[in-house]
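Take a look at this one; I'll ask things after.
The values are calculated or read from the model by the stated rules, or taken from the named source; none is laboratory data. Because the structure is a prediction, the values reported are computed rather than measured. Ideal geometry is used to build each Cβ from the backbone, glycine not excepted, and the neighbour counts take in all protein chains shown. Note: areas computed on protein heavy atoms with side chains; ligands, DNA, RNA excluded. Shrake-Rupley method; radii C 1.70, N 1.55, O 1.52, S 1.80 Å.
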Amino acid sequence: MAVRLVILDCDLTLWNHANVTALRLPFERDGDDAVRDQDGVRVALYPGVRRLLAGLRARKLVVAAASWNRPEPVAQIFALLGLEPYFDLRKVEPHPHKERMVAALVGELAGRGLALRPEEILYVDDRRIHLDAIHASVGPVRFLQMGHDIQRPDEVLGYLDDLGVVPAP
């Protein structure tokens with residue numbers, strides 16, 4: 001089965017900061033691909049994030065974010081950097097239970113008429129720590145670890161190409 005849903009972590013997967021919840025709001029835009037908090041801490045998108053998001057859209061995939069953060073910092077970054085249109089769903093919650101977030105995303109899509117098998121889901125995160133719980137809760141979703149399996153976010157597109165998930169004509 002082909003991938004139909006891509007779930008992306010945020011911290012250290014989309015951008016170069018490990019915990020945007022710890023930063024002081026509001027953020028201000030700092031160039032095309034970065035924001036700064038009230039203390040001057042800069043959070044920048046990794047190179048390739050915009051190419052990844054555009055490539056996922058071109059492949060007509062459902063794209064979701066699952067992040068262990070308070071929702072407000074992530075929402076501000078998405079809004080300031082224009083990321084919102086690329087995401088169909090977001091689960092940003094201040095707890096470490098990614099399996100709950102992934103299960104909720106899958107449940108919400110099923111409620112909309114898109115029932116997914118685990119192998120149709122690709123989860124991308126900088127850490128494997130949540131993977132066993134996700135597999136126990138949702139099933140054997142596909143997984144790529146940022147910094148290990150891939151070095152840049154847009155390398156996800158090559159993985160999808162290898163699976164035959166290519167841009168729509």
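As a test of the definition: which semi-axes, in Å, follow for region 120-169 when you take the square root of five times each eigenvalue of its alpha carbon gyration tensor? Largest first, please.
21, 15, 6
In what order, largest first, do LYS98, LYS60, LYS91 sit by accessible area if the probe radius is 1.4 Å?
Final ranking, largest accessible area leading: LYS60, LYS91, LYS98.
A further question on this structure: Report which label in [x] 70, 42, 31; [y] 46, 35, 31; [z] 46, 29, 25 holds the value of Cα extents along the principal axes in Å derived from the coordinates of this structure.
Identified label for the calculated read-out: [y].
Run the quick spin-label model on GLN38 and LEU12: label points 7 Å from Cα toward the beta carbon, then report their separation in nm to one decimal.
Each label point lies 7 Å from its Cα, and together they span 2.7 nm.
Taking the simple approach of a point 7 Å from Cα along Cα-to-Cβ for both TYR159 and GLN145, what is their distance in nm?
Rounded to a tenth, the inter-label distance reads 1.2 nm.
A further question on this structure: Under the rule a/c < 1.5 gives rounded, and otherwise a/b versus b/c splits prolate from oblate, where does region 75-145 land using the Cα gyration tensor?
oblate
Here is a follow-up. Out of all DSSP beta bridges in the chain, what portion is antiparallel? Express it as a percent rounded to 5.
If I count the DSSP bridges inside the chain, around 25 percent turn out antiparallel.
Rounded if a/c is under 1.5, else prolate if a/b is larger than b/c, else oblate: which is region 34-97, with a ≥ b ≥ c the root eigenvalues of its Cα gyration tensor?
In terms of gyration-tensor shape, oblate.
Apply the Karplus curve 6.51 cos²θ - 1.76 cosθ + 1.60, θ = phi - 60°, to the phi angles in region 23-29 and return the couplings in whole Hz, x for Gly and Pro.
The phi angles translate into 8, 9, 7, x, 7, 10, 5 Hz.
Give me the extension gain from ALA168 to ARG127: residue separation times 0.36 nm, minus the current Cα-Cα distance, reported in nm with one decimal.
Residue separation times 0.36 nm, minus the Cα-Cα distance, leaves 11.7 nm.
Separate question: Which of rounded, prolate, oblate describes region 1-48, given a ≥ b ≥ c as roots of the alpha-carbon gyration tensor eigenvalues and a/c under 1.5 marking rounded, otherwise prolate only if a/b is larger than b/c?
Prolate, since a/c reaches 1.5 and a/b exceeds b/c.
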